[in-house]
Amino acid sequence: MIDIDNTIAQQPYDGLQVEQLVKNETMEILSISLAKDAIFPSHTSPKDAHLVVLEGSIEFHIENQIVNLGSQQHFSFSKKVEHWVRALTNAKFLIIR
């Protein structure tokens, strides 16, 4: 059966929005939407993770560094490392862990 999901396309730019797209024993995919200047507060990931920017641009703050990421860019980071994100423009990105 083919199942098309429009969660990402329909996810609004309203502060911080988090939608779980997939979760199973081996993987989780989260869709994150951040309105311009919104912040995803400081936290850690329970697993090594990959961030893929779909739209817009963000600042990813980790280990006293700022990583600027834009549309269609990918960034990997380690588990249990504190980080936070600020949207420079309306932005959508995936977290795959």
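The values are calculated or read from the model by the stated rules, or taken from the named source; none is laboratory data. Values in this document were obtained by computation on a predicted structure and should not be read as measured data. Note that we place each Cβ from the backbone using ideal geometry, even for glycine, and neighbour counts take in every protein chain shown. In case anyone asks, the SASA skips ligands and DNA or RNA and just uses the protein heavy atoms, side chains included. Shrake-Rupley method; radii C 1.70, N 1.55, O 1.52, S 1.80 Å.
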In the set Ser57, Ser42, the lone residue that is of a type in the set (S, T, N, Q), in contact with a strand residue (DSSP E or B) (Cβ under 9 Å, 6 or more places away or on another chain) and surrounded by 15 or more Cβ atoms within 10 Å (Cβ to Cβ) is Ser57
Of those in the range 7-31 that are open to solvent by less than 80 Å² (accessible area, probe 1.4 Å) and part of a loop (DSSP other than H, G, I, E, B), the residue farthest from Pro46 (Cα to Cα) is Pro12
When Thr89 is run through (1) under 12 Å from the mean Cα position of the chain (by Cα); (2) more than 17 Å from Ile29 (Cα to Cα); (3) β-branched (Val, Ile, Thr), the failure sits at (1)
The number of residues in the range 11-29 that are over 12 Å from Val85 (Cβ atoms) and in contact (Cβ under 8 Å) with a residue 12 or more places away in the chain is 11
